[in-house]
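Let me begin by presenting the structure, written as structure tokens, before commenting on it.
Bear in mind these aren't lab numbers, they're just calculated from the coordinates by the rules spelled out. Just so it is clear, the model here is predicted, and its values are computed rather than measured.
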Amino acid sequence: MPFPNIKEFEKSFPAIKEMSPEQKQKCLDIFNAMKKENPKMDDGMAIATAMKKVKGEMSEEEMQ
């Protein structure tokens, strides 16, 4: 199910709490796009993929 906002998204996926607001928004956008493209996709797979994509964009310095 697509999420309308970050607050609702964060309630369902507390792992994103450590992300910056920009990263949370990007993760939400990726998640919603994947669910729209493939509604039968498991939410766990969608959030894991979205988080991996967002974290992959972080520099080495930001990850430490």
Degrees separating the helix 21-37 axis from the principal Cα axis of the chain, which is the longest one
30
Convex hull over the alpha-carbon atoms of the chain: what's its volume per residue in Å³?
76
Compute the length gained on full extension between K52 and M1: take 0.36 nm times their separation in residues and subtract their Cα-Cα distance, giving the result in nm to one decimal.
16.4 nm
Estimated [θ] at 222 nm from DSSP helical runs (n ≥ 4, -39500 (n - 2.57)) normalised by residues in the chain, nearest 500
-19500 deg cm²/dmol
